[in-house]
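S.K.: Before anything else, here's the structure in question.
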Amino acid sequence: MGGSGLIGGVMNKAKQARRAIVQALVGAGATIPARAARLDAGAGADPRMLRRMLRFGAVVETRPGLYYLDAERLDGFRGALRRRRATLWAALSGMLGTAVTALLVFGIAE
């Protein structure tokens, strides 16, 4: 699912952004509150992805600018993204199927 095209490209960018944040925090040992670390924007930490991960609780801010990775919540975040992607693909497949059916029906009717 999703390696090519517009949607695949957007999803890959989001995956890369999430991965950069995870790698930066794991690399800094920031997997518990006592080891919270700074995230440099230059290290590939996309601010939008960071906000999403903070809202979900996959990344936790202990003090302004200091973050750690909550592994359990990260698994939930990844699962939520997979479910969202599957729902999006199902919706797009349904719309495409409907469009093709309509073209065939109306094309035959003429």
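The values are calculated or read from the model by the stated rules, or taken from the named source; none is laboratory data. All of these numbers come straight from a predicted model, not from anything done at the bench. Counting neighbours? That spans all protein chains shown, and the Cβs are built from the backbone with ideal geometry, glycine included. Just the protein is used for accessible areas: all its heavy atoms, side chains included, with ligands, DNA and RNA removed. Shrake-Rupley method; radii C 1.70, N 1.55, O 1.52, S 1.80 Å.
S.K.: Output the number of the condition that residue 22 fails; it satisfies all remaining conditions of (1) in contact with a Ser or Thr (Cβ under 9 Å, 6 or more places away or on another chain); (2) in a helix (DSSP H, G or I).
M.R.: Against the list (1) in contact with a Ser or Thr (Cβ under 9 Å, 6 or more places away or on another chain); (2) in a helix (DSSP H, G or I), residue 22 comes up short only on (1).
S.K.: Quick one: in segment 30-40, which of the residues that are under 14 Å from residue 70 (Cβ atoms) and not hydrophobic (A, V, I, L, M, F, W, C) is most open to solvent (accessible area, probe 1.4 Å)?
M.R.: Among residues in segment 30-40 that are under 14 Å from residue 70 (Cβ atoms) and not hydrophobic (A, V, I, L, M, F, W, C), the one most open to solvent (accessible area, probe 1.4 Å) is 35.
S.K.: Taking the stated definitions as given, is residue 73 in a helix (DSSP H, G or I), surrounded by fewer than 18 Cβ atoms within 10 Å (Cβ to Cβ), at pLDDT 90 or above and not hydrophobic (A, V, I, L, M, F, W, C)?
M.R.: Criteria not met by residue 73.
S.K.: Please work out if residue 45 is on the phi < 0 side of the Ramachandran plot and at pLDDT 90 or above.
M.R.: Against the criterion (on the phi < 0 side of the Ramachandran plot and at pLDDT 90 or above), residue 45 does not qualify.
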